[in-house]
1. So which residues in region 564-618 are of a type in the set (Ser, Thr, Tyr) and either buried (at least 18 other Cβ atoms within 10 Å of the Cβ) or under 29 Å from the mean Cα position of the chain (by Cα) (or both)?
2. Going through LEU181, LEU177, LEU151 one at a time, which residue ends up being of a type in the set (A, V, I, L, M, F, W, C), touching a helix residue (DSSP H, G or I) at 6+ places or on another chain (Cβ under 6 Å), surrounded by fewer than 24 Cβ atoms within 10 Å (Cβ to Cβ) and at pLDDT 95 or above?
3. Which of the following residues is free of Cβ contacts under 8 Å to residues at least 40 places away in the same chain, within 23 Å of CYS17 (Cβ to Cβ) and outside the structural domain of LEU137 (by TED's automatic domain parsing): ARG603, ARG589, ARG562?
4. Considering only residues that are among the β-branched types (Val, Ile, Thr) and either part of a loop (DSSP other than H, G, I, E, B) or within 21 Å of the chain's Cα centre (by Cα) (or both), which ones fall in region 619-663?
5. Just to be sure before I move on: is ALA666 modelled with pLDDT of 95 or more, touching a His at 6+ places or on another chain (Cβ under 6 Å), outside the structural domain of GLY156 (by TED's automatic domain parsing) and not polar (S, T, N, Q) in the structure I sent?
6. Can you confirm whether GLU224 is at pLDDT 95 or above, in a loop (DSSP other than H, G, I, E, B), charged (D, E, K, R) and in contact with a helix residue (DSSP H, G or I) (Cβ under 8 Å, 6 or more places away or on another chain)?
7. Tell me, please, whether a residue that is out of contact with any helix residue (DSSP H, G or I) (no Cβ under 8 Å at 6 or more places or on another chain) and surrounded by fewer than 22 Cβ atoms within 10 Å (Cβ to Cβ) can be found in region 494-517.
8. State which residue is farthest from PRO565 (Cα to Cα) when the search covers only region 580-594 and only residues that are among the small types (Gly, Ala, Ser) and not in a loop (DSSP other than H, G, I, E, B).
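The values are calculated or read from the model by the stated rules, or taken from the named source; none is laboratory data. Computed from a predicted model, the values in this text were never measured in an experiment. FYI the Cβ positions are ideal-geometry reconstructions off the backbone, even for glycines, and counts take in every protein chain you see.
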Amino acid sequence: MKLNVLEVSHTVAGGYCGKLLADAGAVVTRIDHENRGSAFDHHLHTGKRSVGPQPIDGYTVATHAAGQNVLIEDTGLDVTPVRSAHPDLLVVSISPFGRTGPWSRLPADEFTLQAWCGSTASRGSPDRGPVCAGGRLGEYAAAGYAAVAALTASAGDHLDVSMLEAMLLTQNTYGHLFHQLGAPDREGPVRSMELPSVEPAKDGFVGFCTITAQQFQNFLVMIERPDLLGDDELATAAGRRRRRAEFLEAVHAWTTPRTVAEILELADALRVPAAPVVGPDALPEIEHFRERGVLVPHPEGFLRPRTPYRLTRGPVPRGESPTARTGRPRFVDLRGVRVVDLTAFWAGPSATHLLAALGAEVIKVESAGRPDPMRFTTVRPEADDWWEYGPIFHGANTGKRGITLDLTRPEGHDLLQRLIENSDVLIENFTPRVLDQLGLTPDRLHARNPRLVVVRMPAFGLDGPWRDKPGFAQTMEQVSGLAWITGEPDLPPMLPKAGDPIAGVHAALATLVALDERATTGTGLLVEAPMIEAVLNVAAEAIVEASATGTVRTRTGNRDVRAVPRGVYACAGEEQWIAISVDADEQWRDLAAVLGWTPRVGRDDDHDLIDEELSALLRDRARDETVALLLARGIRAAPVLTPSEASTNPQLEHRRFLERLVHPVAGPLDLPGPPFRSAQRAGRPWLTRPAPTLGQHNTEILTGLLGLTPGDVAELRARGVIGETPWGRE
């Protein structure tokens, strides 16, 4: 990666962005403005050069920016003198709400941004208050998008990355689209825990995930309750929520007498996604992680996650000290890059959605017999074309054209290979055995297209004991330690609900690194970007801390040692919650002043008593009015918004985060673009087209790109090789 990068950061967001670029081969120089020497800091800044400590101001940074191609900053730096001194420098700024708009100067942190984005409201036991996700997922997400933006931008641009927008893409399942597509309002609290999810076993916890109807049926067989197979209400997530106590009684009657190992053996035999749910200290002992070497030793003596993707030829051999690059920087221009998208669900489509927004031509391949299952999460089951009303499908597939091919038929298989021969990238997220069964191994693909970049996103990787084990984002969160640090201390671990798009943005980044490498060598590459390794990287803080110090993080609800008080409190009205985070004595005094409160204890003395007093003070106050008063005094506060509420506010409207497109079936939809703004684009939209209807572009692509005649296409349709409705719905 021919880039010299200057990093000025004080959060995980800027630091991890710099790390991603350093791992990609860029030469990253970090300006230190304070001496921090924790093991996690060593992990975050491995492979970077260091200058400092230095004061952080525009003129000092401008001095160090000489010879640099990119500046990454998350400090609120005045970049005007830097850009004036270096007009060709690409500047990437990361901030809570973005640098423009009415909220650009509001105080916020990871905790309150989770409340703003709809994440906190969706998590927790229905009979308790909402709970935040453990770790700093929003900062990691912003870092991933910032790194992708940096690799695809132009010299002299200023990219303005919003953490809130990154979190809306990764911690909110397009909640507003459910309403736009016609979903009825949900009664009662929106927070819930998936069923089944993390459940007790004889010797610990085991995590399940039943995304498809077949997986849930297999789960019922596994727990020896075939009598429930005909229960239509339990077959739905909503039905299980209504009968939560009854369902969990049946599950726990089977899981609690059995060990985790016994349960996993049965789950694997029945193809039910399952994993051990363990703390960060236990990860090095998991056989699959150990055999694949996903946790590697740091020179300071602790274990840390390795770079979350592997290329057949890495851009910089790992472990070597890079030398400064000279000559013109090379960014990745996606215009004219054709991507064949074989992905499904959310992780893979979110990667190709980002590539499409940044200029790639993405062709999504489904089949009428096996459409993307996200089409089946419909909110209009009564509609004739119900498969066109899946909110997650719409959110993750904008900007793409779509075709259908039955890959079990020779004609469909041949047409896919012809499409791949005329493309630059193939990306898929099957289990590894699927491509083998289709005869589409990387060796065969490269024999037909030597310049092809093959991006594979298996759950657990292309080798190791769990190679063919099914897994979804929930599984990754359960086995990575993220679930272990999310939730209430007295309840089982909960899901952070961010793993899919986190894996997607890392896969998009890996694709760009491979395309850059191809520009140098002229030959294609195989990219392995397992979901689990992306999720382990965003769980790194707890993993590194456990390895370096023996301190094992666990569930603390909404509390954190870095902020006291920090919590979610009920306000006047039904389901009106406020999130408050105080990390300085001045904020503590201002909080007391705004609320007319005389605390009985000091800020660091008794968090339980502080929460008790705050709860009493806030229960009769109007939520939004209180949020506004606290923000005006510089105190980080937020309303705990539902996922459907979170995408409507003046900040997002100012930044045009949602772009209106008209879908041929679903009608006008407000769809999210990337979480950054480009000065050079001057507000031009990122999105070019809505998500495709099933097989919408069959004729256009088969005739225009592959040279078939209209008669050929008609015959393929008649024989069922292609189609525009799911099988059985013709």
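1. Going residue by residue through region 564-618, those that are of a type in the set (Ser, Thr, Tyr) are 569, 581, 598, 615.
TYR569, SER581, listed by residue number.
2. Testing whether each residue is of a type in the set (A, V, I, L, M, F, W, C), touching a helix residue (DSSP H, G or I) at 6+ places or on another chain (Cβ under 6 Å), surrounded by fewer than 24 Cβ atoms within 10 Å (Cβ to Cβ) and at pLDDT 95 or above leaves just LEU181.
3. Within the list ARG603, ARG589, ARG562, the selection yields ARG562.
4. Going residue by residue through region 619-663, those that are among the β-branched types (Val, Ile, Thr) are 626-627, 635, 640, 642, 648, 662.
Listed by number, the residues that qualify are ILE635, VAL640, THR642, THR648.
5. No, not satisfied.
6. Working: at pLDDT 95 or above: yes; in a loop (DSSP other than H, G, I, E, B): yes; charged (D, E, K, R): yes; in contact with a helix residue (DSSP H, G or I) (Cβ under 8 Å, 6 or more places away or on another chain): yes.
So GLU224 fits the description; yes.
7. Initial filter on region 494-517 (out of contact with any helix residue (DSSP H, G or I) (no Cβ under 8 Å at 6 or more places or on another chain)): 510, 514-515, 517.
Right, trim to surrounded by fewer than 22 Cβ atoms within 10 Å (Cβ to Cβ) and you get none.
No, every residue in region 494-517 fails to be out of contact with any helix residue (DSSP H, G or I) (no Cβ under 8 Å at 6 or more places or on another chain) and surrounded by fewer than 22 Cβ atoms within 10 Å (Cβ to Cβ).
8. Top of the filtered list is ALA593.
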